[in-house]
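The structure appears right after this line, and notes come after that.
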Amino acid sequence: VQLQASGGGLVQVGGSLRLSCAASGDIFSWYHMGWFRQAPGKEREFVAVIRWSGDSTYYADSLRDRFTISRDNVKNTVYLQMNSLKPEDAAVYYCAARAFGSSWSRYDFDYPYWGQGTQVTVSS
């Protein structure tokens with residue numbers, strides 16, 4: 001499966017962005033979809049994951065109140081709605097896919113397929 005992330009940009013503190021990740025090349029609903037992010041000088045960290053069917057989601061504890069992951073299995077797209085953005089949310093955001101035959105995961109090493117990343121910048 002190939003993944004293409006988009007929707008990043010420059011936003012002010014307190015603003016919102018919606019990231020999208022379009023999948024192609026395979027049956028999208030066969031994959032759990034995750035979002036990760038990596039800030040300069042930091043390790044890549046887990047943001048959220050949504051189960052292949054869309055019926056369950058899981059978030060990093062510090063983000064669950066502001067971020068929402070969703071998917072549209074008809075449009076082959078996963079979304080990340082980010083609200084009340086803070087300077088510490090600035091990072092490159094990556095979408096990733098893991099086949100549904102495995103359990104869903106918050107660990108980046110469990111995801112074999114990755115998008116190219118989209119930059120989110122938060123200005124104060």
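What distance in nm separates the two pseudo spin-label positions at TRP30 and GLN81, each 7 Å out from Cα along the beta-carbon direction?
3.0
Hey, can you find the accessible area per residue of the chain for me, probe 1.4 Å, expressed in square angstrom?
51
Once the other residues with Cβ under 13 Å from the Cβ of LEU63 are scored (Lys, Arg +1; Asp, Glu -1), what is the net sum?
Overall, the nearby charge balance is 0.
With the crude spin-label approximation of a point 7 Å out along Cα→Cβ, what separation in nm comes out for TYR58 versus GLU88?
So the two model labels end up 2.3 nm from each other.
For VAL92, what is the net charge nearby, where nearby means another residue's Cβ is under 12 Å from its Cβ and Lys, Arg count +1, Asp, Glu -1?
Details: positive: ARG37, LYS42, ARG44; negative: GLU45, ASP89.
Every neighbour counted, the sum reads +1.
If you roll a 1.4 angstrom probe over the protein chains with everything in place, what fraction of the accessible area of the chain belongs to carbon and sulfur, to the nearest %?
47
What is the local net charge at SER53, summed over the other residues whose Cβ is closer than 15 Å to its Cβ (Lys, Arg +1; Asp, Glu -1)? Before the final figure, lay out the partial values.
Details: positive: ARG51, ARG71, ARG98; negative: ASP55, ASP72.
Around SER53, the charge tally is +1.
Once you place label points 7 Å from the Cα toward the Cβ at ASP110 and ARG18, how far apart are they in nm?
Distance between label points: 2.8 nm.
The values are calculated or read from the model by the stated rules, or taken from the named source; none is laboratory data. Everything quoted here is computed from the prediction, not taken from an experiment. Neighbour counts run over all protein chains shown; Cβ positions are idealised from the backbone, glycine included. Surface accessibility is based on the protein's heavy atoms, side chains included, excluding ligands, DNA and RNA. Shrake-Rupley method; radii C 1.70, N 1.55, O 1.52, S 1.80 Å.
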